[in-house]
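Peer 1: This is the structure I want to talk about, given as structure tokens.
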């Protein structure tokens with residue numbers, strides 16, 4: 001195993017010239033501890049100087065393979081020249097003007113493009129804000145305005161942001177919500193579909209969710225059901241077949257707005273434009289962020305025209321929402337995604353990771369489940385032969401990988417999931433190297 005690691009590192013893999021973290025990163029981390037609130041943690045205290053393609057280079061000159069890409073943000077690769085050129089050109093024209101006062105064409109054209117790409121052929125409208133959490137907040141606003149109802153439901157193991165409203169919608173309170181209450185009222189968390197743990201069919205899981213909604217919330221009071229088609233922070237939980245269509249049928253029948261939070265799983269990440277497409281679902285509202293502008297702050301709320309028009313004139317907006325530079329970057333991202341090669345790359349990555357992780361699982365029974373679609377794959381660590389999670393176990397794998405030059409990020413409500421969110425330009429050779437590192441980590445920590 002050691003020889004394999006050395007060979008990979010010397011040829012196609014990461015290049016480490018100091019210990020990890022190196023002396024410059026440690027010095028910066030000391031400054032960060034003194035200057036930045038402790039609530040903003042650093043899972044891997046390696047301080048990045050520059051990046052390109054699938055690579056991150058830290059201030060000590062260490063080169064890391066980035067399989068997290070900023071929690072999925074830099075999906076099309078770091079330092080994509082077409083995106084840089086688009087943003088730079090816009091910087092030379094107009095850096096900012098408030099769209100609600102003096103609008104601009106780029107915003108309108110991006111709204112048109114998202115209306116075309118999101119699921120369904122119905123009339124749609126789109127607004128832009130700065131972050132995923134803002135997108136969730138605005139989806140809730142328009143759903144309440146449209147239905148005249150107050151209650152909102154989200155699924156167990158879901159994650160929707162760090163604002164007061166979204167903290168109430170999240171499954172996991174620690175550490176995200178600790179000490180920050182009271183929280184927004186009329187928010188309900190309901191059972192999800194978690195096939196690995198619950199063993200239910202999609203119909204059975206949907207019946208359980210719907211029974212909870214009808215008995216504990218009441219459909220007459222429910223404005224919106226917010227779902228991640230594939231749950232991100234919760235551990236890349238893929239619902240059982242038929243689960244989401246059954247929820248859509250129920251929401252349609254009961255006048256409830258179905259909101260698909262595609263902030264992490266949308267825009268090509270799963271090998272399709274939107275993860276909802278994988279399940280045959282046409283949500284009423286679709287949320288995009290993360291990948292949409294390759295690192296510049298932008299998020300979109302795209303919904304049925306009649307729902308989006310429910311808010312009064314002036315009821316939606318914000319100073320920086322849809323900033324022209326971010327909008328220009330987003331157009332460049334969508335231009336890249338128009339090429340089928342990007343989706344093919346996502347599917348290739350998913351196949352390589354899934355096959356490799358299943359091979360590893362054959363001799364590491366601590367891997368209880370391998371799941372996901374496209375360039376959104378995860379494995380869950382459990383007590384061998386059971387579905388019982390090993391709380392916090394993913395951190396040791398991530399830390400070991402960092403010392404071998406691979407950036408992995410953890411997930412799961414129990415901290416027992418490693419998730420892969422690589423750039424789409426990562427090669428199979430690099431993925432195989434990362435799998436070797438994971439195998440080595442499991443040999444040491446099983």
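Peer 1: Where does each of 320, 379 land when they are ranked from fewest to most other beta-carbon atoms within 10 angstrom?
Peer 2: Neighbour counts put them in this order, fewest first: 320, 379.
Peer 1: Let me ask something else about it. Measuring from label point to label point, each 7 Å out along Cα→Cβ, what is the residue 351 to residue 312 span in nm?
Peer 2: With each label point 7 Å from Cα toward Cβ, the separation is 5.6 nm.
Peer 1: Rounded, prolate or oblate: which one fits region 236-281, using the alpha carbon gyration tensor with axes a ≥ b ≥ c (rounded when a/c is under 1.5, else prolate when a/b beats b/c, else oblate)?
Peer 2: Prolate is the answer for region 236-281, as a/c is 1.5 or above and a/b outweighs b/c.
Peer 1: Moving to a separate point now. So for 262, 338, 432, 52, fewest C-beta neighbours within 10 Å to most, what's the order?
Peer 2: Ranking 262, 338, 432, 52 by Cβ neighbours within 10 Å, fewest first, gives 338, 52, 432, 262.
Peer 1: Continuing with this model, one more query. When only alpha-carbon atoms are used, what values of Rg and Dmax, in angstrom, describe region 262-412?
Peer 2: Here Rg and the maximum Cα pair distance are 19.1, 60 Å.
Peer 1: Now for a different question. I'd like the orientation of helix 202-212 relative to the chain: the angle between its Cα long axis and the longest Cα principal axis, in ° from 0 to 90, rounded to 10.
Peer 2: Helix 202-212 sits at roughly 60 degrees to that axis.
Peer 1: Taking R0 as 45 Å, what FRET efficiency do you get between residue 121 and residue 19 from their Cβ-Cβ distance, rounded to the nearest 0.05?
Peer 2: 0.20
Peer 1: Against the longest alpha carbon principal axis of the chain, how many degrees, from 0 to 90 and to the nearest 10, is the axis of helix 324-337 turned?
Peer 2: Tilt relative to the chain: about 70 degrees.
Peer 1: Hey, fewest Cβ within 10 Å first, where do 444, 269 land in order?
Peer 2: Listed from fewest to most nearby Cβ atoms, that is 444, 269.
Peer 1: What distance in nm separates the simple spin-label points at residue 340 and residue 216, each placed 7 Å from Cα in the Cβ direction?
Peer 2: Placing both labels 7 Å along Cα→Cβ, they lie 4.5 nm apart.
Peer 1: Something else: What are the principal axis extents of the Cα atoms in region 83-337, in Å, biggest first?
Peer 2: Computed over the Cα atoms, the extents are 55, 40, 36 Å.
Peer 1: For residue 184 paired with residue 71, estimate the spin-label separation in nm (one decimal), with each label point 7 Å from Cα along the Cα-to-Cβ line.
Peer 2: Reported label-point gap for residue 184 and residue 71 is 1.7 nm.
Peer 1: Bins of 5 Å, beginning at zero and ending with the bin holding the largest distance: percent of Cα pairs per bin for region 25-93, please.
Peer 2: 3, 14, 19, 18, 18, 14, 10, 3
Peer 1: Taking Cα centroids, how far is region 140-170 from region 355-391 in Å?
Peer 2: The distance from the Cα centre of region 140-170 to that of region 355-391 comes to 31 Å.
Peer 1: Cα gyration tensor of the chain, axes a ≥ b ≥ c as square roots of the eigenvalues: rounded (a/c below 1.5), prolate (a/b > b/c) or oblate?
Peer 2: Verdict is oblate for the chain.
Peer 1: Then there is this: Bins of 10 Å, beginning at zero and ending with the bin holding the largest distance: percent of Cα pairs per bin for region 59-139, please.
Peer 2: Bin by bin from 0 Å, the calculated values are 12, 31, 38, 15, 4, 0.
Peer 1: Continuing with this model, one more query. Please give the FRET efficiency for residue 97 paired with residue 427, using the beta carbon to beta carbon distance and R0 = 30 Å, rounded to the nearest 0.05.
Peer 2: Efficiency computed from Cβ-Cβ geometry: 0.10.
Peer 1: Separate question: Classify region 339-446 as rounded, prolate or oblate from the Cα gyration tensor: take a ≥ b ≥ c as the square roots of its eigenvalues, call it rounded if a/c is under 1.5, otherwise prolate when a/b beats b/c and oblate if not.
Peer 2: It is prolate, given that a/c is not under 1.5 and a/b is the larger ratio.
Peer 1: Still on this structure: Taking the Cα atoms only, what angle lies between the long axis of helix 340-363 and the longest principal axis of the chain, rounded to 10 degrees?
Peer 2: 60
Rule-based calculations on the coordinates, nothing more; no lab input. If you're wondering where the values come from, they're calculated on a predicted model, not measured in any experiment. Heads up, the Cβs are rebuilt from the backbone with ideal geometry, glycines too, and the neighbour counts pull from every protein chain shown.
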